[in-house]
Amino acid sequence: MKAALFDLDGVVFDTEPQYTVFWGMICREYHPEHPQLEQEIKGSTLVQIYDRWFSGALASEQASITARLNAFEAQMSYEFIDGFEALIASLRAHGVKTAVVTSSNQPKMASVYRAQPRFKTLFDAILTSEDFEYSKPHPDCYLKGAARFGAAPSECVVFEDSFNGLKSGRAAGMKVVGVATTNTVEAIAPLSDVQVKDYVGLDYDKLVECLHCH
């Protein structure tokens, strides 16, 4: 294992419940005819959400929604998933390179750095939406993450919570750890090699052992 590549929301940070609150508010405002739409759009990028649900007559609302989202992200709480910091420390102690591979943009990351000043010290690379040509489930982002470290896909492990992210890791030909923060263990099992609810008790040796079983 040369590199561990982590999605951000629902994988590094326990932010998904907060996004559900934000999108619940937006969806009720613009799509009252579609209850629970915020559950449906989980794991989609902003571009994907806009293309599917805020195009045509609603396209003019995108700038306003983006401004509200930026303001919301600036005051969000960015708490690490339980056990995350210990896992990262263990991986790095074994010479594994670590990267964040996220659809988030630079303004969002600025909010993250303000809330968690130590964040940058945990990773060898941080790749954001500005670095990718294609969105998840396309493998582009994870292949770029591997290339950053000169690692082959078979030498990388991806940590993901959303269906699009899990598919992206799979399509990149990497081992995939499914994190059951956004979807159930049963739902993510077909798209991942190993499933976890958080990282408590998970370290380099345990991870290698789990991945070898699959």
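The values are calculated or read from the model by the stated rules, or taken from the named source; none is laboratory data. In this text, all values refer to a predicted model and were calculated from it rather than measured experimentally. When we count neighbours, we look across all protein chains shown, and the Cβ atoms used for this are built from the backbone with ideal geometry, even at glycine. In case anyone asks, the SASA skips ligands and DNA or RNA and just uses the protein heavy atoms, side chains included. Shrake-Rupley method; radii C 1.70, N 1.55, O 1.52, S 1.80 Å.
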When Ala151 is evaluated against the numbered criteria (1) aliphatic (A, V, I, L, M); (2) surrounded by 13 or more Cβ atoms within 10 Å (Cβ to Cβ); (3) free of Cβ contacts under 8 Å to residues at least 40 places away in the same chain, which criterion, by number, is the only one it fails?
(3)
Residue check, Asp14 against (1) under 19 Å from the mean Cα position of the chain (by Cα); (2) surrounded by fewer than 14 Cβ atoms within 10 Å (Cβ to Cβ); (3) under 19 Å from Arg118 (Cβ atoms); (4) of a type outside the set (Ser, Thr, Tyr), all met but one. Which one?
(2)
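Kindly indicate whether Ser135 is open to solvent by 50 Å² or more (accessible area, probe 1.4 Å) and in contact (Cβ under 8 Å) with a residue 60 or more places away in the chain. So that I can check it myself, show each step before the final result.
Values: open to solvent by 50 Å² or more (accessible area, probe 1.4 Å): yes; in contact (Cβ under 8 Å) with a residue 60 or more places away in the chain: yes.
Criteria met by Ser135.
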Breaking point among (1) polar (S, T, N, Q); (2) open to solvent by 10 Å² or more (accessible area, probe 1.4 Å); (3) within 12 Å of the chain's Cα centre (by Cα), for Thr102
(2)
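Does Glu61 meet the test of being over 30 Å from Leu143 (Cβ atoms), open to solvent by 50 Å² or more (accessible area, probe 1.4 Å) and among the charged types (D, E, K, R)?
Numbers: over 30 Å from Leu143 (Cβ atoms): yes; open to solvent by 50 Å² or more (accessible area, probe 1.4 Å): yes; among the charged types (D, E, K, R): yes.
The answer is yes for Glu61.
Looking at Leu211, Leu143, which one is modelled with pLDDT under 95, farther than 14 Å from Leu8 by Cα, assigned to a helix (DSSP H, G or I) and not charged (D, E, K, R)? Spell out the reasoning first.
Details: Leu143 fails: modelled with pLDDT under 95.
The conditions single out Leu211.
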